[in-house]
Each structure stands twice: as structure tokens, then as C-alpha cells.
Amino acid sequence: MAHKLTQLLIVIMLIQVQKNIVVGKPQVPCYFMFGDSLVDSGNNNGLVTFSRVNYPPYGMDFPEGATGRFTNGRTFADIIGQLLGFEKFIPPHTAATDAQISIGVNYASGSSGIREETGIHLGDRISMDTQLVNHNSTISRLLSLQENTSFLEKCIYLVNTGNNDYVNNYFISDKYNTSRIYTTDQYASVLIQQLSQQLRTLYNLGARKIVVNGVVKVGCIPIVVGTFDTEGKPCVESFNDAAKLYNDKLKPLIDDLNTNYSDARFTFINMTRISSLQGAGMSLSTTPCCQLTEGYACIPYSIPCPDRTMSMYFDGYHFAEIVATSIATRSYTALSPLDASPYDISDLVRLHDTKYYADI
Ligand SMILES: *[C@@H]1O[C@H](CO)[C@@H](O)[C@H](O)[C@H]1NC(C)=O
Ligand SMILES: *[C@@H]1O[C@H](CO)[C@@H](O)[C@H](O)[C@H]1NC(C)=O
Ligand SMILES: *[C@@H]1O[C@H](CO)[C@@H](O)[C@H](O)[C@H]1NC(C)=O
Ligand SMILES: *[C@@H]1O[C@H](CO)[C@@H](O)[C@H](O)[C@H]1NC(C)=O
Ligand SMILES: *[C@@H]1O[C@H](CO)[C@@H](O)[C@H](O)[C@H]1NC(C)=O
């Protein structure tokens with residue numbers, strides 16, 4: 001009897017899953033992404049930069065192969081898109097057609113940051129400010145296609161930036177002057193101030209459901225561990241301390257924005273926590289999976305580790321897909337309020353009447 005019941009439940013569940021697949025309607029009308037290489041889906045492919053990875057073994061576990069994603073498989077932005085019910089991957093800005101832009105665009109660019117100069121020693125990149133200019137052009141394009149753009153307020157906007165303002169700016173003191181101008185605390189404030197302006201621009205472009213990721217444990221990234229003194233510890237703790245100052249200021253910024261813009265909802269994702277798999281009961285090797293160039297990228301066409309689900313990092317900078325999966329699922333459905341606050345992405349999806357968020 002219990003067995004029959006279980007079978008019945010499984011059949012019902014399968015029908016449910018099937019239904020979702022058949023109906024295939026995304027939970028929101030569109031999805032836009034901004035930020036750095038952790039979410040870039042190919043925008044750097046045509047740029048002159050060392051931060052360009054459209055060659056194997058990158059993409060070896062991705063259905064379309066090497067697309068310019070900085071990992072073996074999907075990025076967490078891709079997986080969030082799937083959790084939102086989008087059947088196809090949202091195109092990079094450089095390739096988005098008129099028919100695609102009303103579903104969403106990915107503007108992210110490897111080596112870019114909040115600050116304009118961030119990543120310049122690696123070559124060309126699309127800074128956050130330029131990504132927002134590009135989004136403004138997308139909206140002009142929608143208007144010229146006679147679209148009523150009021151649907152933009154129902155969409156999810158993901159912003160994953162700030163990491164390069166540390167690893168490809170502040171901490172490279174022979175190429176950037178920020179560490180001579182600012183203490184780590186002042187630098188965190190300056191970044192937060194500029195990001196605040198950028199988030200308000202996004203709001204002014206019609207965004208009302210905005211997910212803002214904090215920075216990862218930058219002191220644990222293999223290139224940082226391999227280049228700087230860890231003082232016998234697994235990570236460079238002074239780097240993590242600097243990143244913590246930023247994250248600790250980002251959370252109150254999000255609260256402030258929610259207070260000031262009562263017809264929008266912003267949320268903070270604790271990347272430090274979820275990307276280090278805290279509370280996930282999982283522990284992975286911190287040795288990069290692929291064979292590295294001097295610049296800590298994968299050597300083109302080299303043979304990587306056989307089992308990518310055992311490594312935290314694919315190359316010397318970027319997470320393997322297994323970590324992206326964890327980041328995406330916990331951003332979408334938080335395991336704890338420490339993962340995402342005050343909302344996870346599934347909460348943002350459910351908020352329908354964007355005019356009266358103040359009571360929530
Ligand atoms: C656009 O759509 C919204 C919601 O459906 C509607 O309230 C508004 O009047 C429309 N605007 C135009 C210019 O058609
Ligand atoms: C720091 O470098 C930037 C270029 O990246 C330059 O515009 C600025 O003037 C420099 N500031 C100082 C105080 O040297
Ligand atoms: C978008 O671009 C237009 C035209 O250049 C400009 O007037 C407007 O201020 C921009 N909007 C935002 C929010 O930056
Ligand atoms: C929110 O509004 C207060 C009061 O007007 C202002 O001081 C603060 O800068 C605003 N913060 C943001 C992030 O918009
Ligand atoms: C992120 O999570 C960690 C615990 O894993 C916590 O110590 C930290 O305060 C959180 N950061 C923010 C800004 O909430």
C-alpha cells in the first residue's frame with residue numbers, strides 16, 4: 001500500500017514536472033544581467049584583452065561548447081535563468097537580436113568592475129557604467145520596435161560586480177593607484193557610493209526587481225593565493241578583510257534603497273558565504289581543474305581534470321560549474337536568511353504589485 005502510494009506520488013510529481021516543461025512559461029517576462037566574468041556569457045569575445053576565453057577546455061561541459069563563459073559549464077547566471085523557467089540561455093549583448101532583447105540581455109564583461117579603470121591592465125572591457133549605457137540602448141531599441149516597455153518592471157535584474165575592483169585594481173599596486181589614495185575602508189565606501197549611483201540608474205531605466213551580489217572571498221582565489229603571502233593560511237586574509245568591509249557596507253545600501261524606492265525591491269546575495277559552500281555540507285578541492293597559463297587562465301586545448309565536480313575552481317580565477325549550481329540554487333531559494341536578504345529570487349518573482357512594496 002505504502003509502495004503504491006509512493007508510486008502514485010512519483011507519477012503525479014513527474015506529471016507536474018512535465019507540465020512545467022510543456023507549458024514552459026518563464027516566471028518573469030525577462031531577465032537582464034550585469035557584471036564581471038562570473039556571469040559573462042561571451043561579451044569579451046571580440047575585445048582585445050587577456051580576459052577572453054572562447055577556446056577549449058572552457059565550455060567543455062556546456063551544450064554549446066566554448067562560448068566565452070569563464071568556466072567549464074554554465075555560469076550561475078545561466079542556472080538562475082533556468083530556475084526562472086527560461087528555456088534558452090539569454091544572449092550576450094554583442095549577439096542579441098531584436099527578437100531576443102525583450103526576453104533579456106547579458107551585458108557582463110570579464111575583468112570589468114564598478115570603477116572605469118578596473119581591469120585596464122588586461123585590455124579592453126565593458127565597465128558597469130558602459131553596461132548601463134548599453135542597457136539604455138536596448139530600451140531605445142525596444143521603443144523603436146513599438147514595444148510597450150512597462151513589462152520591464154516585472155523582470156529580474158542581476159548585478160554581480162566589485163570582485164575586479166579588488167583583484168584587478170586595488171591589490172595590484174604597481175599598476176593602479178587606488179591603494180595609495182584610499183584605505184580599505186575608504187575604498188569600500190567609494191565603491192559603494194559609485195554602485196549606489198549605478199543601481200539608481202538601473203532603477204531609472206525601469207528595473208524594479210534587482211538582485212545585487214556581494215563580492216566573493218577574494219583572498220581565496222587561486223591567483224591571489226599563488227601570488228601573495230598567505231602567512232601559512234589557506235587564503236590571504238587581508239584581502240578577505242577588505243572584501244568584508246565592502247560587503248558589510250553593501251547590505252545597508254540595499255536596505256536604504258528599499259526604503260527610498262518603495263516601488264522597487266532590491267536584495268543582497270551573500271556571495272562570500274554561498275560561494276565558499278558554507279552550510280552546504282560539501283567540500284571540494286581548491287586546486288584549479290585545468291592546466292594554467294602564467295596568467296592563471298586555462299592553457300588553450302589543454303586536458304583538464306577528469307572529474308569537474310570535485311573542484312571548486314575551473315581555472316585560477318573562476319568557479320567550476322558545481323559551485324555555480326550551488327550559488328544559483330541558494331540565490332533562488334535561500335537555505336538561510338544569511339544567504340539572501342531581505343529576499344531570495346523566488347520571493348522577488350512572487351512580488352506582483354510593484355506599487356505597494358512598502359508594507360512587505
Ligand atoms: C503599457 O502597458 C501597461 C500595462 O499593461 C498599461 O497600463 C499602459 O497604459 C500601456 N502604455 C501604453 C503607452 O500603451
Ligand atoms: C590615479 O590613476 C588614475 C588613472 O587610473 C588617474 O586618472 C588619477 O589622476 C591618478 N590619481 C592620483 C592621485 O595619482
Ligand atoms: C538614457 O539615454 C538617454 C539618451 O542619451 C538619456 O537622455 C537618459 O538620461 C539616459 N537614461 C539614464 C537613466 O541614464
Ligand atoms: C535615501 O534617502 C536619504 C534621505 O533623503 C538620503 O540621504 C540617502 O542618500 C538616500 N539613499 C539612497 C541609497 O538613495
Ligand atoms: C555573510 O555570511 C557570513 C556567514 O557565512 C556572515 O558572517 C556575514 O556577516 C554575511 N555578510 C553580510 C553582509 O550579511
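The values are calculated or read from the model by the stated rules, or taken from the named source; none is laboratory data. Computed from a predicted structure; not experimentally measured. Reconstructed Cβ throughout: ideal geometry from the backbone, glycine too, with neighbour counts over all protein chains shown.
Structure notes:
- Long-range neighbours under 7 Å by Cβ, at least six apart or interchain, first residue closer than 11 Å to residue 126 by Cβ within the range 42-56, second of a type in the set (Phe, Trp, Tyr) and in a loop (DSSP other than H, G, I, E, B): 43/107
- Selected residue (only one of 225, 190 is under 17 Å from residue 118 (Cα atoms) and more than 15 Å from ligand 5 (Cβ to nearest atom)): 190
- Contact annotation: residue pairs with Cβ atoms under 6 Å, 6 or more positions apart or on different chains, pairing a residue in the range 117-137 that is within 15 Å of residue 175 (Cα to Cα) with a partner that is away from ligand 1 (no atom under 16 Å from the Cβ) and part of a helix (DSSP H, G or I), are 118/164; 118/165; 118/168; 118/169; 119/164; 119/168.
- Members of the range 243-271 found to be of a type in the set (Ser, Thr, Tyr), surrounded by 15 or more Cβ atoms within 10 Å (Cβ to Cβ) and either within 11 Å of ligand 4 (Cβ to nearest atom) or not in a helix (DSSP H, G or I) (or both), listed by number: 261, 267
- When residue 198 is tested against the conditions (1) within 16 Å of ligand 5 (Cβ to nearest atom); (2) polar (S, T, N, Q); (3) crowded, with 16+ Cβ neighbours inside 10 Å, the lone failure is (1).
Per-residue answers, yes or no, for (1) over 21 Å from residue 288 (Cβ atoms); (2) not polar (S, T, N, Q):
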residue: 68; (1), (2): no, yes
residue: 90; (1), (2): yes, yes
residue: 95; (1), (2): yes, yes
residue: 102; (1), (2): yes, no
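Here is a yes/no grid of residues against (1) crowded, with 16+ Cβ neighbours inside 10 Å; (2) within 24 Å of residue 225 (Cβ to Cβ); (3) within 16 Å of ligand 2 (Cβ to nearest atom); (4) among the aliphatic types (A, V, I, L, M):
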{"residue": "125", "(1), (2), (3), (4)": "yes, yes, yes, no"}
{"residue": "152", "(1), (2), (3), (4)": "yes, no, no, yes"}
{"residue": "156", "(1), (2), (3), (4)": "yes, no, no, yes"}
{"residue": "189", "(1), (2), (3), (4)": "no, no, no, no"}
{"residue": "202", "(1), (2), (3), (4)": "yes, no, no, yes"}
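- All of 17, 28, 39 fail the test of being modelled with pLDDT under 95 and either assigned to a helix (DSSP H, G or I) or touching a helix residue (DSSP H, G or I) at 6+ places or on another chain (Cβ under 7 Å) (or both), apart from 17.
- From the options 285, 275, 311, residue that is away from ligand 3 (no atom under 16 Å from the Cβ), in contact with a helix residue (DSSP H, G or I) (Cβ under 6 Å, 6 or more places away or on another chain) and farther than 23 Å from residue 162 by Cα: 285
Each row is one residue, and each column tells you yes or no for (1) more than 19 Å from residue 101 (Cα to Cα); (2) within 16 Å of ligand 3 (Cβ to nearest atom); (3) in a strand (DSSP E or B).
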| residue | (1), (2), (3) |
| --- | --- |
| 157 | no, yes, yes |
| 168 | yes, no, no |
| 174 | yes, no, no |
| 180 | yes, no, no |
| 186 | yes, no, no |
| 198 | yes, yes, no |
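- Filtered by the rule that a residue be in contact with a helix residue (DSSP H, G or I) (Cβ under 7 Å, 6 or more places away or on another chain) and outside any loop (DSSP other than H, G, I, E, B), the range 44-86 gives 49, 76, 79, 80, 83.
- Near pairs, Cβ below 6 angstrom, 6+ apart or cross-chain, from the range 146-175 (within 20 Å of residue 105 (Cα to Cα)) to any residue that is within 14 Å of ligand 1 (Cβ to nearest atom) and not in a loop (DSSP other than H, G, I, E, B): 149/142
- Candidates 222, 306, filtered to the one that is over 20 Å from residue 346 (Cα atoms), loosely packed, with under 14 Cβ neighbours inside 10 Å, modelled with pLDDT of 95 or more and not hydrophobic (A, V, I, L, M, F, W, C): 306
- Here residue 238 meets each of (1) closer than 30 Å to residue 30 by Cβ; (2) in a helix (DSSP H, G or I) with one exception, condition (1).
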